[in-house]
Amino acid sequence: MAKQRRERKLEHYYRMAKQAGYRARSSFKLEQLNERYKLLQRGNVVVDLGAAPGGWLQVARKEVGDEGFVLGVDLQEITKLPYKNVKTLVADITDPSASELIRQNLPRPADVVLSDASPKISGVWSIDHARSIELADAAFTIAGEVLSRGGELLVKVFQGEFFQDFVQNVRKKFDRLKISKPSASRKGSSEVYVIAKGFKRV
Ligand SMILES: C[S@@+](CC[C@H](N)C(=O)[O-])C[C@H]1O[C@@H](n2cnc3c(N)ncnc32)[C@H](O)[C@@H]1O
């Protein structure tokens, strides 16, 4: 029964994504988080880590408008979006040179860093959790290098034993932090989103 409900929900978001012209169902997660936490503003410079196939890039572009700028980064090539102010890079966000590469491709320090990066799922909870923490740590490091003072970070993490340590590290660098699971996220999945606002650049 629960499985049928889950499948119906996935099918629902799949149909909505198609109607809205989004590349991925995950677009609705960002829409829901943005509605709730008011992350993306007109004119913002946004970095989206783990951005393929580009569903979040589409939502971010809609919110920042013509005046803003969106940079998507992924291991995989992202099919071009039809906007001059959306750029994409192929890069590994865990590579120590990633921050510098991203900075070089921004018009100014970023207002928002998003990360929906996910490891390839092995099915072994502890391994998937550890890999997800590695990606979330990479996003946090990049945010520390590219965000302007007062900037925001939204990052996906699979919950598990290292989750609280991660949250505590992020909390030290930002004024406010929330943890959220949007309704478009599968109930059974361990993923949650950490939203941190007010980056304390020193
Ligand atoms: C769930 S998908 C992102 C979906 C995206 N938010 C959207 O709406 O289209 C996760 C992405 O993380 C990327 N990823 C995983 N590890 C990465 C890494 N080390 N560096 C860059 N991207 C990575 C994967 O290639 C994958 O495209």
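I want the local charge near S97. Using Cβ-Cβ distances under 15 Å, sum +1 for each Lys or Arg and -1 for each Asp or Glu among the other residues. Please report the intermediate quantities before stating the final value.
Numbers: positive: R103; negative: D92, D95, E100, E145.
Once positives and negatives cancel, what remains is -3.
Of all accessible surface on segment 101-192 at a 1.4 Å probe, what whole percent is carbon and sulfur? Of the solvent-accessible surface of segment 101-192, carbon and sulfur hold 49 percent. On a per residue basis, the chain carries 53 Å² of accessible surface, using protein heavy atoms and a 1.4 Å probe. F163 sits among other residues whose Cβ lies under 12 Å from its own Cβ, and their net charge, with Lys and Arg +1 and Asp and Glu -1, is -3. Per residue, the average separation of C-alpha pairs within less than 8 Å and at least 6 apart gives the chain a relative contact order of 18 percent.
Do the alpha carbons of any pairs in K120/K156; K38/K156; K38/K197; K18/K38; K156/K181; K178/K200 sit beyond 21 Å of each other, and which pairs? Provide the component values of the computation, followed by the final result.
Numbers: K120/K156 14 Å; K38/K156 17 Å; K38/K197 10 Å; K18/K38 25 Å; K156/K181 10 Å; K178/K200 16 Å.
Over 21 Å Cα-Cα: K18/K38.
Return the single residue from D66, D111, D74 with maximal mean-square fluctuation; model: Gaussian network over the chain, springs between Cα atoms under 10 Å. Most flexible of the set in this elastic network: D66.
Relative to one another, the C-alpha centroids of segment 1-40 and segment 146-202 are positioned 20 Å apart. In a reduced charge model with +1 at each Lys and Arg Cβ and -1 at each Asp and Glu Cβ, the chain shows a dipole moment near 880 debye about its Cα centre. Counting pairwise Cα distances across the chain, what percent come out greater than 29 angstrom? So the portion of pairs separated by more than 29 Å is 18 percent. Full extension of the chain between T141 and V90 yields a length gain of 16.6 nm, computed as 0.36 nm times the residue separation minus the alpha carbon distance.
The values are calculated or read from the model by the stated rules, or taken from the named source; none is laboratory data. Everything numeric here is computed off the predicted structure, so don't read it as measured data. Neighbour counts run over all protein chains shown; Cβ positions are idealised from the backbone, glycine included. These area figures cover heavy atoms from the full protein model, side chains too; ligands, DNA and RNA do not enter into them. Shrake-Rupley method; radii C 1.70, N 1.55, O 1.52, S 1.80 Å.
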